[in-house]
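The block underneath contains the structure these notes are about, expressed in structure tokens.
Only the coordinates and a few stated rules stand behind these numbers; no lab work does. Since this is a predicted model, take the numbers as computed values, not measurements. As a convention, Cβ positions derive from the backbone with ideal geometry for all residues, glycine included, and neighbour counts pool all protein chains shown.
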Amino acid sequence: MADVTGTPRTDGPRSTRSGPGIVLVAVYGLLALAATGRSVLQITEYFSRAPLAYVLSAVAAVIYVVATVALARGDRTSRRVALVAISVELAGVLVVGLASYLATDAFPDKTVWSHFGSGYGYVPLVLPVLGLLWLRRTARGSAAGSA
Amino acid sequence: MLFPLTVVVFAAALLLLAVSGWYAARSRLLDDRLLLVAAVLELGVLVQAVVALAHLGSVPGDRAETATFAAYAITLPFLPPAAIFLALKEKTRWSMGVAAVAAFAVAVMTARLQQIWNLGG
């Protein structure tokens, strides 16, 4: 198929921060900010209340920061880092989401991933899915996704 | 928190959300009009930060609430410039998505500031 609109590119993967990717970077950045802030507060102010939940909260914060930076950089190594970070993120939100319903005692108040991210409009649940789809789509090269 | 100030910031955020959505629909990029709306919003959140920090002593609730209040107030002024910075470099309609995300975040965080303030009744 002829693609006359796009800028001429080689066969390499498309940058993860171009097009829709820039919105993904923005949302990841925002969640990184929110998760880091909340985590710092939880650990400094009332860590003993729910150590497990708050440690997981801190892990979530780190994952979001890593994913944001990796998606924003978008080179070959970053792409691999982003894939790992976002996969962990998806597993995390699913496991913590389920655990927060089953073991309510361990999760006394909301964290980013508890209850599948309901405190953040379920964005933490949707985001890793979009992230993985985006990584897959951009891996195919410049022809994809010139909406 | 000064309620009228919250209303002004909230309205400016919604306006930015609307304009960026409209621009995205029409495939337009960042221009003076959008920058002006963003500048008004920025001015609003800066004033809000100053007012919030000046009244930090009378925030209702425990220390954690005060810390959240301060953190939100200080973080807010960074959002519009960060969004504009990202939007400038992206030359497709998706740049408007970044502006919309930031506008939405400012609206939510401003509402949250007011909510914490209202805990005092």
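Numbers for the structure displayed
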quantity	calculated
Helices (runs of 4 or more DSSP H) wholly inside the range A:1-120 that include at least 3 residues being more than 14 Å from chain B (Cβ to nearest Cβ)	A:51-73, A:76-102
Single residue of the range B:77-104 satisfying the filter (within 11 Å of chain A (Cβ to nearest Cβ), farther than 14 Å from residue B:20 by Cα and within 11 Å of the chain's Cα centre (by Cα)) that is surrounded by the most Cβ atoms within 10 Å (Cβ to Cβ)	B:79
Single residue of the range B:60-91 satisfying the filter (in contact with a Gly (Cβ under 8 Å, 6 or more places away or on another chain) and among the aliphatic types (A, V, I, L, M)) that is farthest from residue B:102 (Cα to Cα)	B:71
The lone exception for residue B:32 - which of (1) within 17 Å of residue B:12 (Cβ to Cβ); (2) surrounded by 19 or more Cβ atoms within 10 Å (Cβ to Cβ); (3) more than 18 Å from the chain's Cα centre (by Cα) it fails	(2)
Residue B:9 vs. criteria in contact with a Ser or Thr (Cβ under 6 Å, 6 or more places away or on another chain) and farther than 16 Å from residue B:101 by Cβ	yes
